[in-house]
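Before any comments, here is the structure.
The values are calculated or read from the model by the stated rules, or taken from the named source; none is laboratory data. Just so we're clear, the structure is a prediction, and the values are computed from it rather than from any experiment. Here the Cβ positions follow ideal geometry from the backbone for every residue, glycine too, while neighbour counts run over all protein chains shown. In case anyone asks, the SASA skips ligands and DNA or RNA and just uses the protein heavy atoms, side chains included. Shrake-Rupley method; radii C 1.70, N 1.55, O 1.52, S 1.80 Å.
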Amino acid sequence: MTVLELYKHFDNSFPRELSCEWDNDGLMCCPDGGREVKRVLVSLDVTDGAVDKAIEGGFDIILSHHPMIFKGLKAINDEHFISSKAIKLI
């Protein structure tokens, strides 16, 4: 199964109508939607610890309850904790 296939599975299983209007659902950091998924790390939040564990453990995706990116990013650099996580994951 690929990242996009897994995403479509969850999107079909949990309709968008169940989300609040302010929710930010979806793929947050996906450089390759065609990448095969073998290992999924489930986390409440995408913390630095979750990112490190995913990288060190060879996980292909982090599935989290809370979105990593809640508001739009204005820059992708290591000066902001959210964008630095995105850089690390990419």
Q. Taking amide H positions as placed 1.01 Å from N in the peptide plane, with prolines and chain starts having none, which residues 5 or more places from Ser64, or on another chain, fall under 5 Å of its amide H?
A. Ser43
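Given the rule -39500 (n - 2.57) for each run of at least 4 DSSP H residues, summed and divided by the residues of the chain, what is its mean residue ellipticity at 222 nm, to the nearest 500 deg cm²/dmol?
Helices in the chain give a 222 nm mean residue ellipticity of -9500 deg cm²/dmol.
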(Q) What are the ³J(HN,Hα) couplings of the stretch 58-63, residue after residue, when phi is run through the Karplus curve with 6.51, -1.76, 1.60 and θ = phi - 60°? Round to Hz, x for glycine and proline. (A) x, 6, 8, 7, 10, 9
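Per residue, how large is the accessible surface of the chain? Use a 1.4 angstrom probe and give square angstrom.
Details: 6600 Å² over 90 residues.
Accessible area per residue: 73 Å².
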Q | Mean Cβ neighbour count within 10 Å, used as a protection proxy, ranking 46-58, 18-30 highest first | A | 46-58, 18-30
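Averaging over all projection directions, find the projected area of the Cα convex hull of the stretch 20-61 and quote it in nm² with one decimal place.
Values: hull surface 15.0 nm².
Orientation-averaged projected area of the Cα hull: 3.7 nm².
Taking all protein chains as present, what is the carbon and sulfur share of the accessible area of the chain, in % to the nearest whole number, probe 1.4 Å? Don't jump to the answer; show the numbers that get you there.
On the way: 3540 of 6600 Å².
Reported share for carbon and sulfur atoms: 54 percent.
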**Q.** Karplus (6.51, -1.76, 1.60) ³J(HN,Hα), θ = phi - 60°, over the stretch 35-48, in Hz, Gly and Pro reported as x
**A.** 5, 6, 9, 10, 10, 10, 9, 9, 8, 5, 10, 8, 7, 4
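Where the convex hull is taken over the Cα atoms of the stretch 45-90, what is its projected area averaged over directions, in nm²? It would help to have the intermediate numbers written out before the result.
Details: hull surface 12.8 nm².
Mean projected area for the stretch 45-90: 3.2 nm², to one decimal.
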Q) Between the stretch 48-65 and the stretch 22-44, what is the C-alpha centre distance in whole Å? A) 10
Q: Output the Kirkwood hydrodynamic radius of the chain, Cα pairs only, in Å rounded to one decimal.
A: 13.9
